[in-house]
Amino acid sequence: MEGISWADLNRDEQRAIAILVAGLSIELCDPLALLTLRRLGLIIGSHLTAAGDNLRRDAV
């Protein structure tokens, strides 16, 4: 996702991405954070999109 950086995400959104990457249950994520990440196109279902994975890699 062009124009979005890790710092643009709030703590709950960053945590949700970390949870999904770790393979933990999506139930541990904040529902509002998931909604925002879906709207940004960073996740689909309970998986990161390519854009979400790229954002995560850039942050690490």
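The values are calculated or read from the model by the stated rules, or taken from the named source; none is laboratory data. From a predicted model like this one, the values you see are computed outputs, not experimental measurements. Note: accessible area is taken over every heavy atom of the protein model, side chains too, but ligands, DNA and RNA are not part of it. Shrake-Rupley method; radii C 1.70, N 1.55, O 1.52, S 1.80 Å.
Quick notes on this structure:
- Between 0 and 90°, nearest 10: helix 11-22 axis offset from the chain longest Cα axis: 70
- With all protein chains in place and a 1.4 Å probe, the accessible surface of the stretch 6-60 carries 54 percent carbon and sulfur.
- Prolate/oblate/rounded label for the chain (Cα gyration tensor, a/c 1.5): rounded
- The chain: angle of helix 50-59 to the longest principal axis, Cα-based, in degrees nearest 10: 70
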